[in-house]
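Here is the structure we will look at.
What follows draws every value from the coordinates through simple rules; no lab data is involved. Worth saying up front: this structure is predicted, and the values here are computed from it rather than measured. No Cβ is skipped: glycine too gets one built from the backbone with ideal geometry, and neighbour counts run over all protein chains shown.
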Amino acid sequence: MTLAVGFLVACLLHVALRAATVWWFLGACQPLLLVPVAASRRHTPVGVAWWGLFAGIAIDVLSGRIIGPGAIAAAAAGAAVAVLVRRFELVGPLFWIGGALLAAVGSEAVWMVIYLTFNAPRDHSVLGSLAIVATTAAVAMAVAAGERIVLWWRSPQRRRRRELGRL
Amino acid sequence: MAAAAQARSPQGPALAVGISAVVTPVLDAVNAAGAAWEDLRVGQQDLTATVAEAKRLRAENADLKRTSQLLAAELAALRQGARLLADFPSFTDGAVLARVVAREVLSSHTLHLDKGTRDGVHTDAAVLAEGGVLGRVDRVFEHSCRVQLLSHPAAAAAAKVIGVDREALLLGGDRPSLTGIPPYTEIAVGTAVLTTGSEGIYPPGLLLGSTGDTRTSGLFTAVGVLLAVHPADVVTAIVLPAHGNER
């Protein structure tokens, strides 16, 4: 359920970041790639690949691209993220930033290979891929910071300190 | 006692004078206190009213500020539109002035405009912005359209460098370049690159950009091009009637 809500929020963020009033550089961001990253905490690599597939389809649809290559790329990247998160036991901010970087780099690499294989015209090249990786990692940093704040807010230590302050 | 009470002084009976002497200061004090209390009450009411008025004015001020910001943005867009129309007076007939609603400058090299088929926008219509050519419409919806920028890897336009007779082809991508110019052609940096209209999309004579580094690559001279329009700065654009349909 949380992942489904996160998926919807990521879809909304994807559209919002492309608005004319938002800084143009953020238009390259792919917040939907954070969905398979988040899924890698709960699901097996195969399950994460499914979430990656849905995220990739959403990216393709929302960006007006050919539906398919982005989905395959995000699914492959999601599975890779899940394997590496388990292998290196990534937690905290490193989980989000490392996971997002890996998801963005992996999905861009697979996407580019698919397009090259089909000899289809791509809508961006290396500079665009770099921008996607950088902006997605930046959003992952913001998510990691947000998660940190939520954890601090809900922490028993904070509650205990508040209770002691009242006494 | 009764005689003393009835004794008369120049101001009246002595008892009345005595009572008056005692009561008057008390009454004065009570009246003063009452007046002060009344003042305080009125003051408090005034203060409450003033605070409420200040709150209302603050909210109104914030609202006006927001409206002012929106109007300033609208004005900037209108100014850019007016400058655009002044820059391209020959294209005003049938052209559609549109605002940018979304942009993906780096990832998919597209812009979304707020005008679509309902406003007479067609696929492959040339899109101009302040400074020169922005790109072409590659997808049209009822109320909006998508513009493929000249920086798109698949974008191309027939072009001509001022001072060079041969027509060239402008290719998009991260580093837009001109190809089709004979080898060892010397072109000064900063020379204007204009459309020729041969591809049937862009009308001839529009500024595409200026030349950059030149090098001979195989059978042609490859010329880097610095595009005239930076899509990140575009607020308003002109969509021309489809050039190819006119012919």
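For this structure, a couple of remarks:
- Distant-in-sequence amide H partners of B:Val101 (H built 1.01 Å from N, under 5 Å): B:His112, B:Leu113, B:Asp114
- Under 5 Å from the amide H of A:Gln30 lie the amide H atoms of A:Thr136, each residue being 5 or more positions distant or on a separate chain, with H modelled from the backbone and absent for Pro and chain starts.
- Range in chain B, longest, excluding exposed chymotrypsin sites (Phe, Trp or Tyr not before Pro) [loop by DSSP; at most 16 other beta-carbon atoms within 10 Å]: B:1-140
- FRET efficiency for the B:Trp37 to B:Arg66 pair, using the beta carbon distance and R₀ = 51 Å, is estimated at 0.70.
- Partner lysines for B:Lys65 [C-alpha distance under 26 Å; skip if fewer than 8 residues away on the same chain]: B:Lys55
- Cross-link partners for B:Lys160 among the aspartates and glutamates, with Cα-Cα distance under 18 Å and sequence neighbours closer than 8 places in the same chain left out: B:Glu186, B:Glu199, B:Asp213.
- Take each residue of peptide B:109-118, count the partner chain Cβ atoms within 10 Å of its Cβ, and average: the result is 2.
- The charge dipole of the protein assembly as shown, taken about its Cα centre with unit charges on the Cβ of Lys, Arg, Asp and Glu (plus for the first two, minus for the last two), comes to roughly 1780 debye.
- Listed residues B:Ser198, B:Thr24, A:Thr136: farthest to the positive end of the dipole of the protein assembly as shown (Cβ charges): B:Thr24
- Counting Cβ atoms of other protein chains within 10 Å of each Cβ in A:118-128 and taking the mean gives 5.
- With the simple spin-label model, which puts each label point 7 Å out from Cα in the Cβ direction, the A:Ala120 to A:Val5 separation comes to 3.5 nm.
- Taken one residue at a time, the phi angles of region B:34-47 give Karplus couplings (6.51, -1.76, 1.60, θ = phi - 60°) of x, 4, 5, 4, 5, 4, 4, 5, 5, x, 5, 4, 4, 4 Hz. Gly and Pro are set to x.
- For B:Val193, nonlocal amide neighbours, meaning residues 5 or more places apart or on other chains whose placed amide H falls under 5 Å from its own, are B:Leu208, B:Gly209, B:Ser210, B:Thr211.
- Inter-chain shielding of A:25-33 (mean C-beta neighbours from other protein chains, 10 Å cut-off): 3
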